[in-house]
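Engineer: The structure is given below, and queries will be raised subsequently.
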Amino acid sequence: MREEEVLALARRHADQAEVFSVSSRSIPVSYEANRLKSVDTRDSSGMALRIIKDGRIGFSSTTDMDDQDGLVARAVEMLPFGARAHMDFPDASEYTHVPTYDEGAAALQSASLVEVGGALIEKMHSDFPDVVWEGRVSQGVSTTRLLNSKGLVAEETSSSVGLGVEGTLVRDTDMLFVYGRTSSCKPDLDTDGVIAALTRKLQWAERVASAPTGQVPVIFTPQAVAGLLLGPLLAGFNGRNIVQKSSPLIEKLGSRILDPRITVWDDPTNPFVPGSRTFDDEGVPATRFPLVQQGVIANFLYDLQTAGQAGATTTGSAHRGLASQPGPGASVIIIEPGDTTFAGMIAGHGKALVVESFLGAGQGNILGGDFSANVLLGYAVENGEVTGRVKDTMVAGNVYAILEALSALGSEPEWVGGSLQTPALCCNGVSVSSRG
């Protein structure tokens, strides 16, 4: 095969070599203004080569699977300018298979996807005719192969099916946006759950209410946890930021810095979850391990290079695109649930803010855990009930501080996409400001 030929050729020029290839096929179906917009079929493939010689790393990639000589020549050419290697490629491993491929999902045709998306758009347009709906349904199958000069050979094929729907309601100068999504490695998508979530959001948003301001309790829905809190939280665990000494968690390993009810796992071994996998993008077996255990920092996320730089062991957390070298990252984040229902969180507060989605998230000192964003969709709570949608409202805080001052941990975890399962979180210490 071509990968073996590239590996053999690269070994003539390097001390160590690694070949990474991906081939994929996808069918995206798009809807716009309540109607079917397009149906496509996309095929892609490519190969990347990393080599180590005299302590330096050379890298190149191509989408021309026949350009084997050029791929090797470019990696060799890059060696003098490459990063210093703090790693060796891994030995061959025995893998525990994680199922991420379903024949039914792989066999889905465009007609089936059009039927699923069309039924959902039609249902939402019928129930909410003033809302303009657009969306996307997709199916994909991808195969990853990885070989290295130490005899490692790994191959995995995964399937995925996803659906995302967005509704826009415009009344004079007021605009309302709602969004719902679901994904799986299997063909049976939870469209009823998406419809229920969108319906609840639109019903709660029917009226406009004054936003509570100041240091009020803020209830983050699972979608809000993904949209605002997860990025700043995980940045501190990234091995690259540990090595560069830009993480606030340096020297905090083994220390309790969050509420003891909080336990966070990175678990890529969940069957049929799109973010799961049998091995990482360097061929290291995927494993389940805690990042936070009862509020205590338990592990950081390392690939081979950052683990070597930190004097640690890789956690099998390497991720990469075809055109980039691996870097550490999370695969499937699981936040363990608590004992408070979502309804109980709302009923338990005389005044609070529920947030769903944001506009402009990502501002502030992300590496330090800071966040600030305008609330795109959120609701005021008074006397234990949702009173309506808030406008012109902004939230800001520090993710480590608010998770240390956690008020309540939800009991109903939900999947957000294929890489996060979390309950709602009710936090103190969030600053809320509003012009409303």
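Engineer: For the stretch 34-82, what are the residues that are within 30 Å of Leu108 (Cβ to Cβ) and not polar (S, T, N, Q)?
Structural biologist: Arg35, Leu36, Lys37, Val39, Asp40, Arg42, Asp43, Gly46, Met47, Ala48, Asp64, Met65, listed by residue number.
Engineer: Restricting attention to the stretch 209-244, and to residues there that are more than 21 Å from the chain's Cα centre (by Cα) and under 14 Å from Leu301 (Cα atoms), which single residue is surrounded by the most Cβ atoms within 10 Å (Cβ to Cβ)?
Structural biologist: So the residue we want is Val243.
Matching residues to (1) farther than 29 Å from Ser433 by Cβ; (2) out of contact with any Lys or Arg (no Cβ under 6 Å at 6 or more places or on another chain); (3) among the polar types (S, T, N, Q):
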position	(1), (2), (3)
Leu198	no, yes, no
Gln215	no, yes, yes
Phe237	yes, yes, no
Glu251	yes, yes, no
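Engineer: Here is a follow-up. With the condition kept exactly as written, say whether any residue in the stretch 337-356 is under 30 Å from Gly239 (Cβ atoms), in contact with a Gly (Cβ under 9 Å, 6 or more places away or on another chain) and open to solvent by 60 Å² or more (accessible area, probe 1.4 Å).
Structural biologist: Yes, the stretch 337-356 contains at least one residue that is under 30 Å from Gly239 (Cβ atoms), in contact with a Gly (Cβ under 9 Å, 6 or more places away or on another chain) and open to solvent by 60 Å² or more (accessible area, probe 1.4 Å).
Engineer: Here's another thing I want to ask about it. Is one or more of the residues making up the stretch 122-135 modelled with pLDDT of 95 or more, more than 30 Å from Phe89 (Cα to Cα), open to solvent by less than 30 Å² (accessible area, probe 1.4 Å) and in a helix (DSSP H, G or I)?
Structural biologist: yes
Engineer: Sticking with this structure for a sec: May I ask you to list pairs of residues, at least six apart or on different chains, whose Cβ atoms are under 7 Å apart, with the first in the stretch 203-222 being closer than 15 Å to Phe177 by Cβ and the second being open to solvent by 20 Å² or more (accessible area, probe 1.4 Å) and outside any strand (DSSP E or B)?
Structural biologist: Listed by first residue and then by second, the contacts come to Val208/Lys391.
Engineer: Can you tell me which condition Leu367 does not meet? The list is (1) in contact (Cβ under 8 Å) with a residue 40 or more places away in the chain; (2) buried (at least 17 other Cβ atoms within 10 Å of the Cβ), and all the others hold.
Structural biologist: Unmet condition: (2).
Engineer: Just to be sure, is Arg261 open to solvent by less than 40 Å² (accessible area, probe 1.4 Å) and touching a residue at least 40 places away in the same chain (Cβ under 8 Å)?
Structural biologist: Numbers: open to solvent by less than 40 Å² (accessible area, probe 1.4 Å): no; touching a residue at least 40 places away in the same chain (Cβ under 8 Å): yes.
In short, no.
Engineer: So Glu282 ticks every box in (1) in contact with a Phe, Trp or Tyr (Cβ under 7 Å, 6 or more places away or on another chain); (2) more than 17 Å from Glu404 (Cα to Cα) but one. Which box is left unticked?
Structural biologist: Failed condition: (1).
Engineer: State whether the residues of the stretch 341-351 include one that is out of contact with any strand residue (DSSP E or B) (no Cβ under 8 Å at 6 or more places or on another chain), part of a loop (DSSP other than H, G, I, E, B) and hydroxyl-bearing (Ser, Thr, Tyr).
Structural biologist: No, the conditions are met nowhere in the stretch 341-351.
Engineer: If I ask for residues that are part of a loop (DSSP other than H, G, I, E, B) and surrounded by 20 or more Cβ atoms within 10 Å (Cβ to Cβ), which ones from the stretch 171-188 would you list?
Structural biologist: The answer is Cys185, and nothing else.
Engineer: For Lys391, all conditions in the list (1) open to solvent by 40 Å² or more (accessible area, probe 1.4 Å); (2) within 27 Å of Ser331 (Cα to Cα); (3) of a type outside the set (S, T, N, Q) hold save one; what is the number of the exception?
Structural biologist: It fails just one condition, (2).
Engineer: Could you list, in sequence order, all residues of the stretch 98-114 that are acidic (Asp, Glu) and either surrounded by 17 or more Cβ atoms within 10 Å (Cβ to Cβ) or over 27 Å from the mean Cα position of the chain (by Cα) (or both)? Give the steps one after another, and end with the answer.
Structural biologist: Of the stretch 98-114, the ones acidic (Asp, Glu) are 102-103.
Asp102 - this is the single residue of the stretch 98-114 that is acidic (Asp, Glu) and either surrounded by 17 or more Cβ atoms within 10 Å (Cβ to Cβ) or over 27 Å from the mean Cα position of the chain (by Cα) (or both).
Engineer: Within the stretch 212-222, track down each residue that is modelled with pLDDT of 95 or more and out of contact with any Leu (no Cβ under 6 Å at 6 or more places or on another chain).
Structural biologist: Listed by number, the residues that qualify are Pro217, Ile219, Thr221, Pro222.
Yes/no matrix, rows are residues, columns are (1) free of Cβ contacts under 8 Å to residues at least 40 places away in the same chain; (2) within 20 Å of Leu249 (Cα to Cα); (3) surrounded by 24 or more Cβ atoms within 10 Å (Cβ to Cβ):
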{"residue": "Gly283", "(1), (2), (3)": "no, no, yes"}
{"residue": "Ile297", "(1), (2), (3)": "no, yes, no"}
{"residue": "Leu301", "(1), (2), (3)": "no, yes, yes"}
{"residue": "Gly308", "(1), (2), (3)": "no, yes, no"}
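Engineer: Which of the residues that make up the stretch 32-78 are open to solvent by less than 20 Å² (accessible area, probe 1.4 Å) and either among the aliphatic types (A, V, I, L, M) or over 20 Å from Pro326 (Cβ atoms) (or both)?
Structural biologist: Met47, Ala48, Leu49, Ile51, Ile52, Ile57, Gly70, Leu71, Val72, Ala75 - these are the residues of the stretch 32-78 that are open to solvent by less than 20 Å² (accessible area, probe 1.4 Å) and either among the aliphatic types (A, V, I, L, M) or over 20 Å from Pro326 (Cβ atoms) (or both).
Engineer: Applying the selection to the stretch 282-313, what residues are within 22 Å of Glu336 (Cα to Cα) and aliphatic (A, V, I, L, M)?
Structural biologist: Hits for the stretch 282-313 are Ala286, Leu291, Val292, Val296, Ile297, Ala298, Leu301.
Engineer: Oh, and also: Is it fair to say Glu3 is among the acidic types (Asp, Glu), buried (at least 17 other Cβ atoms within 10 Å of the Cβ) and more than 30 Å from Thr168 (Cβ to Cβ)? Explain how you work it out, then say what you get.
Structural biologist: On the way: among the acidic types (Asp, Glu): yes; buried (at least 17 other Cβ atoms within 10 Å of the Cβ): yes; more than 30 Å from Thr168 (Cβ to Cβ): yes.
When the stated conditions are applied, Glu3 passes them.
Engineer: Let me ask something additional. At least 3 residues that are touching a helix residue (DSSP H, G or I) at 6+ places or on another chain (Cβ under 7 Å) in each: list the strands (runs of 3 or more DSSP E) lying fully within the stretch 394-433 that qualify. Give the steps one after another, and end with the answer.
Structural biologist: On the way: elements: 406-409, 414-416, 420-422, 425-427.
Of the strands (runs of 3 or more DSSP E) lying wholly inside the stretch 394-433, those with at least 3 residues that are touching a helix residue (DSSP H, G or I) at 6+ places or on another chain (Cβ under 7 Å) span 425-427.
The values are calculated or read from the model by the stated rules, or taken from the named source; none is laboratory data. Computed from a prediction, not measured in an experiment: that's the story for all the values here. Neighbour counts are summed over all protein chains in view; Cβ atoms, including those assigned to glycine, are modelled from backbone coordinates with ideal geometry. All accessible areas refer to the heavy atoms of the entire protein, side chains included, with ligands and DNA or RNA removed. Shrake-Rupley method; radii C 1.70, N 1.55, O 1.52, S 1.80 Å.
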